[in-house]
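Presented below is the structure to which this report refers.
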Amino acid sequence: MSEVFHNCSGIPYLRLGAGEPLVFIHGLEEIKEGWANQFEFADQYELIIPDLRGHGEYQSPGEISITNFAMDVISLLKCLGFESAHICGLSMGGIVAQEIYRQAPEMCRSLMLVSTFHYAPKRLGKLFLKHHQYRTENKSSDILRETAAKVCLYSWSKENFESFSRFYQPNRKYYGKSMEACLNVNNLRLLPKINIPTLIIGGQYDSVIPVWVQFMMHKQIPHSEFVIFRNTGHIAKLEAKDPFNKVLRNFLNQHKKSS
């Protein structure tokens, strides 16, 4: 299996495998290659893995917003000729996945919302953003990366730190705008309207977005499935690769369009 880089609608992305289309959407300050542990899904699915605006190779992004992130993914799928796809998003990517459903529900075969959230109270969001700006001001990229790894990971092994560091690429120009976009999310009215197969995943020791937030999402999305990974932080796809992939594959295989 070889990894292929394309460019469609001006959006950098990876395209691997064959089968029903499966979109992986990365988190804040990650890059598309951060889904490397999930490339194995190319044995059954056609993987479409974009860089979001202001991330990775997408460095002429225009306005940063969750709305535009979602529009880009929808535009990419249409450009590639796909009428619908399975959509999986981590953290910020999970917010984008929800927005894709808002904008084009007919294009979503299923949703996989990983370590993400659906609502941020405005006052709390402003305080969090101010605190984060204070903590990161004048810090080098290496320091930012190390700090993020300590926050996001439960297991601070050398291997996990190295894997995280390869795919976490903070960009000062767009980081604040992307975080602010996340903190403006309000999908309280959207979740009860989701009527497609939905899997929600949380990490037991996630200190970025506590697992009770995903439990609240599960309670609001009718007939959704909910899985908590033990002994993991915010990045279960890295810390619990094999069980994570197994859970995703079982869910996807149950909801194949052809089945």
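The values are calculated or read from the model by the stated rules, or taken from the named source; none is laboratory data. Being a predicted model, the structure only gives us computed values, none of them experimental. Quick reminder, even Gly has a Cβ in these numbers, built from the backbone with ideal geometry, and neighbours come from all protein chains shown. SASA here: full protein model, heavy atoms, side chains in, ligands and nucleic acids out. Shrake-Rupley method; radii C 1.70, N 1.55, O 1.52, S 1.80 Å.
Here is how the numbers come out for the structure above:
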| read-out | value |
| --- | --- |
| Point-to-point label distance, E225-K150, nm (Cα→Cβ direction, 7 Å offset) | 3.7 nm |
| GNM flexibility winner over the chain from L52, L22, L76 (Cα, springs under 10 Å) | L76 |
| Charge dipole (debye, nearest 20) of the chain; +1 at Cβ of Lys and Arg, -1 at Cβ of Asp and Glu | 840 debye |
| The chain - mean residue ellipticity at 222 nm from DSSP helices (-39,500 (n - 2.57) per run, n ≥ 4, rounded to 500) | -12000 deg cm²/dmol |
| Derived scalar couplings ³J(HN,Hα) [region 157-162; Karplus, 6.51 cos²θ - 1.76 cosθ + 1.60; whole Hz; x for Gly, Pro] | 6, 4, 4, 5, 4, 5 |
| Where no second cysteine Cβ lies under 4.7 Å, the cysteines concerned in the chain | C88, C108, C152, C182 |
| Portion, in percent, of the accessible area of region 17-78 that falls on carbon or sulfur, probe 1.4 Å | 48 percent |
| Residue-count net charge about S60 - beta-carbon cut-off 13 Å; Lys, Arg +1, Asp, Glu -1 | -2 |
| Region 154-259 shape via C-alpha gyration tensor axes, a/c threshold 1.5 | oblate |
| Net charge of neighbours whose Cβ lies under 11 Å from the Cβ of A104, counting Lys and Arg as +1 and Asp and Glu as -1 | -1 |
| DSSP-defined beta bridges in the chain - what % are antiparallel, rounded to 5 | 30 percent |
| Per residue accessible area of the chain, 1.4 Å probe, in Å² | 47 Å² |
| Cα shape, the chain, gyration tensor, a/c 1.5 rule | rounded |
| Hits among aspartates and glutamates - C-alpha to C-alpha of K246 under 18 Å, sequence gap 8 or more where chains match | E20, E40, D43, E46, E225 |
